[in-house]
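Let me begin by presenting the structure, written as structure tokens, before commenting on it.
The values are calculated or read from the model by the stated rules, or taken from the named source; none is laboratory data. Keep in mind that what you see is a predicted model, and the values were worked out from it rather than measured. Cβ placement follows ideal geometry from the backbone for every residue including glycine, while neighbour counts extend to all protein chains displayed.
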Amino acid sequence: MDFPPRPGSSRPRRESPQGESPFSFPPEPEPEAETGESAPVPAPGTEAEPEPAARSGGRRFRRRAANKSGGGRRSETIARVLWAIPWIVFAVFIVAVGGPVFAVAAVGLAWAVQIELFRMTARSRPFEAAAFAGTAGMVAAAYFGSSFQILLALVATVPVMLVFALARPSLKNVTWSLAMTMLALVWIGLPFAHAVLLRELPLHGGALLVDVLVATFFTDTFAYLGGRLFGQRSLAPQVSPNKTIEGLLIGIVGGVLGFWLAGLYQDWLSGPQALLFGFCIAILAPLGDLFESAIKRDLDVKDTGRMLGPHGGLLDRLDAVLFTIVAGYYLALAIVY
């Protein structure tokens, strides 16, 4: 199944033992040979020693480069904090208000994340309108109904996708279109519907949602810091070479600690329950991160978008939440209710 090449792309594509991916990029053209004679290569042992002034100048240059690098890191950190503050305020507001405000915000965020996915996989020609309609239907079902109504809304999207497929002049590569649309519905739309289910629980729904988000954030942060400080053994080199086993273990400890700390003021949640709840969330959070990393790795994409500035796209920041929020709802039913 062949897709038309993406115009203007020159990024090299790594070879895959399974063959060419349908999203592969054209190879980067070889650079033209330079004309003219090349500089003579000195014989071994005859290289000229640099002058003292040149050596000292090199040291000064390295010091200046190091200072600039440190300043760049500080500037990036400040930029990340400034970008994060309004989004944190927005998240706190919609969780605290709940109700239709949270449901509408969930639909908008889900659509924004799906748009990022569809941009990365545009050559598969997904049925975007069907995905948006199905996502809105699942969120509405979560707000007015239950998980059973969510399943009905998801299943109802399948014939809608068929209608869009038959409306095309040709069915060539329609399988990829259907698969990518269904991925957007299940991977992105379904978790946002479960976020509404969790928030709308009659007892402690908002607190449990906050607990899940805090535990997910702690898992991600502790895994990053643990990997930077103690990481030695790679966790999944083909998916994300920077992730380590040490970072994973430290992240799990951090996630359990985060959920336990978030639930200290909640007398309806015992210590062992909080530890069990947090452990399950901390196990699933890195799986969500690896799932998104595998997709980006296949598509040769670094960031899914620029909606969050230096943080990348919404999908980059919510990849773990897409896994933990679904588990959080069913864990709440099993442990708390």
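Of the residues making up the stretch 117-176, just one is over 27 Å from Ser293 (Cβ atoms), among the aromatic types (Phe, Trp, Tyr) and touching an Asp or Glu at 6+ places or on another chain (Cβ under 9 Å), namely Tyr143.
Restricting Leu183, Leu203, Leu197, Leu109 to those that are more than 21 Å from the chain's Cα centre (by Cα) and surrounded by fewer than 23 Cβ atoms within 10 Å (Cβ to Cβ) reduces the list to Leu203. Checking Gly312, Gly227 one by one, the residue that is within 30 Å of Phe93 (Cα to Cα) and of a type outside the set (Phe, Trp, Tyr) is Gly312 and no other.
In the set Thr304, Thr244, Thr324, Thr221, only one residue is polar (S, T, N, Q), buried (at least 21 other Cβ atoms within 10 Å of the Cβ), touching a residue at least 24 places away in the same chain (Cβ under 8 Å) and more than 18 Å from Ala207 (Cβ to Cβ); that residue is Thr304. Screening Gly328, Gly251, Gly312, Gly258 for residues that are within 30 Å of Trp111 (Cβ to Cβ), within 14 Å of the chain's Cα centre (by Cα) and small (Gly, Ala, Ser) leaves exactly one candidate, Gly312. Going through (1) modelled with pLDDT of 95 or more; (2) farther than 23 Å from Leu333 by Cβ; (3) of a type in the set (Val, Ile, Thr) one by one, Ile188 falls short only on (2). Candidates Ala327, Ala294: the one that is closer than 17 Å to Ala195 by Cα and at pLDDT 90 or above is Ala327. Within the stretch 228-241, the residues that satisfy the criterion of being among the polar types (S, T, N, Q) and surrounded by fewer than 13 Cβ atoms within 10 Å (Cβ to Cβ) are Gln232, Gln238.
Put simply, of Ala142, Ala165 the only residue that is of a type in the set (A, V, I, L, M, F, W, C) and within 24 Å of Gly98 (Cα to Cα) is Ala142.
Scanning the stretch 197-213 for residues that are on the phi < 0 side of the Ramachandran plot and not hydrophobic (A, V, I, L, M, F, W, C) yields Arg199, Glu200, Pro202, Gly205, Gly206, Asp211. Test Ser124 against the stated conditions and say whether it is surrounded by 15 or more Cβ atoms within 10 Å (Cβ to Cβ), under 21 Å from the mean Cα position of the chain (by Cα), among the small types (Gly, Ala, Ser) and more than 28 Å from Leu213 (Cβ to Cβ). Yes, satisfied. Does Leu171 meet the test of being in contact with a helix residue (DSSP H, G or I) (Cβ under 8 Å, 6 or more places away or on another chain), in contact (Cβ under 8 Å) with a residue 12 or more places away in the chain and of a type outside the set (Gly, Ala, Ser)? Answer is no for this residue. Restricting attention to the stretch 138-151, which residues are surrounded by fewer than 22 Cβ atoms within 10 Å (Cβ to Cβ) and touching a helix residue (DSSP H, G or I) at 6+ places or on another chain (Cβ under 6 Å)? The answer is Tyr143, Gln149. Name the single residue, out of those in the stretch 152-180 being closer than 18 Å to Leu190 by Cβ and among the small types (Gly, Ala, Ser), that is surrounded by the most Cβ atoms within 10 Å (Cβ to Cβ). In this case the residue turns out to be Ala153.
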